[in-house]
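K.L.:
Attaching a single structure in structure tokens format; questions to follow.
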Amino acid sequence: MDAPPSAEGGVQEHDLAAALRNLPGDKRGWKAAKASVRCQSCQAISVFDPEKVASRCEFCGSAQIVPYEQVKPPISPESLLPFKIDQGRVRDALRQWYGTRWFAPNKLKRAALTDTLHGVYLPYWTFDALVHADWTAESGYHYYTTESYRDAQGNTQTRRVQHTRWEHSSGSLEHFFDDELVCASRGMHADLLRRIEPFPTKELVPYAPSFVAGWVVEQYQIDLIGAAQHSRDRMESET
């Protein structure tokens with residue numbers, strides 16, 4: 001793989017409310033000619049250079065793909081993580097891994113030993129939020145007293161008895177969520193992605209069309225509104 005191209009400027013983060021109200025036209029599209037197809041099996045939308053001929057879905061391998069056009073261009077990527085490992089190294093690692101799997105299916109072996117490996121850029125949204133939460137609770141504190149009693153033989157004995165004192169408690173907390181990831185892919189299983197998340201978002205570089213030239217890109221299918229709600233629900237569950 002050639003060295004990734006350079007991109008000027010820095011990665012910018014945008015106000016969510018402003019983006020939902022009105023997104024400028026220059027913030028849409030891929031900034032280069034692209035063709036799109038949609039898989040009728042897994043519903044993934046693949047975007048690639050127009051001279052490339054797509055015969056199968058890059059995600060599920062289905063041949064049931066159709067040209068895809070949409071009324072409004074997608075929101076342009078703000079940034080991306082360039083590939084750092086070339087296809088040769090990935091293929092060698094895959095073959096080595098396959099050699100340790102005695103019961104792996106033959107179909108996987110054929111994929112590992114042939115040139116069927118392709119890099120694909122997956123779509124993600126990231127969200128930042130400063131969360132403030134007030135809380136109330138009843139806090140229980142154990143304390144012990146000593147009491148006397150008579151045993152079966154009539155002898156006086158003592159024992160410790162546990163009691164609980166309940167007190168009202170309240171407080172507040174603040175937490176900053178930084179670069180919370182929401183995958184916008186329909187072509188990848190969420191449980192597989194969670195195994196490799198989080199990604200090093202501090203290494204993101206500004207998007208430039210040259211980065212994705214020659215690569216397949218999956219267009220997001222969870223839009224900004226849906227991703228924002230998903231991120232909010234997750235933040236609330238963690239607060």
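The values are calculated or read from the model by the stated rules, or taken from the named source; none is laboratory data. Owing to the predicted nature of the structure, the values given are computational and were not obtained by experimental measurement. Don't worry about glycine lacking a Cβ; one is built from the backbone with ideal geometry, like all the others, and counts go over all protein chains shown.
K.L.:
Look through S62, S55, S139, S148 and report the one residue that is of a type outside the set (F, W, Y), under 27 Å from the mean Cα position of the chain (by Cα) and either closer than 30 Å to L204 by Cα or not in a helix (DSSP H, G or I) (or both).
P.N.:
None of the other options fit; the residue is S62.
K.L.:
Take the residues in region 11-41 that are part of a helix (DSSP H, G or I) and of a type in the set (K, R), then tell me which one is nearest to the chain's Cα centre (by Cα).
P.N.:
For region 11-41, the residue satisfying everything is K27.
K.L.:
Confirm whether S185 is of a type in the set (S, T, N, Q), at negative phi and over 15 Å from the mean Cα position of the chain (by Cα).
P.N.:
For S185, the condition - of a type in the set (S, T, N, Q), at negative phi and over 15 Å from the mean Cα position of the chain (by Cα) - is not met.
K.L.:
Please specify each residue of region 151-170 satisfying the condition of being among the charged types (D, E, K, R), farther than 30 Å from E236 by Cβ and in a strand (DSSP E or B).
P.N.:
Once the filter is applied, which keeps residues that are among the charged types (D, E, K, R), farther than 30 Å from E236 by Cβ and in a strand (DSSP E or B), region 151-170 yields R159, R160, R165.
K.L.:
Further question: Scan region 112-124 and give yes if some residue there is of a type in the set (D, E), out of contact with any strand residue (DSSP E or B) (no Cβ under 9 Å at 6 or more places or on another chain), in a loop (DSSP other than H, G, I, E, B) and modelled with pLDDT of 80 or more, otherwise no.
P.N.:
no
K.L.:
Another question, if that's okay. If I ask for residues that are loosely packed, with under 13 Cβ neighbours inside 10 Å and part of a helix (DSSP H, G or I), which ones from region 175-234 would you list?
P.N.:
A190, D191, L192, R194, K202, E203, I225, Q229, D233, listed by residue number.
K.L.:
Has region 91-111 got at least one residue that is touching a strand residue (DSSP E or B) at 6+ places or on another chain (Cβ under 9 Å) and either modelled with pLDDT of 80 or more or surrounded by fewer than 10 Cβ atoms within 10 Å (Cβ to Cβ) (or both)?
P.N.:
no
K.L.:
For R28, indicate whether it is within 26 Å of H14 (Cβ to Cβ) and either aromatic (F, W, Y) or touching a residue at least 12 places away in the same chain (Cβ under 8 Å) (or both).
P.N.:
yes
K.L.:
I'd like to verify a number: residues in region 50-85 that are among the acidic types (D, E) and farther than 17 Å from L122 by Cα, how many?
P.N.:
Residues flagged as among the acidic types (D, E) and farther than 17 Å from L122 by Cα within region 50-85 amount to 2.
K.L.:
Now a separate question. In region 150-172, is there at least one residue being of a type outside the set (V, I, T) and within 26 Å of S231 (Cα to Cα)?
P.N.:
Yes, that holds for at least one residue.
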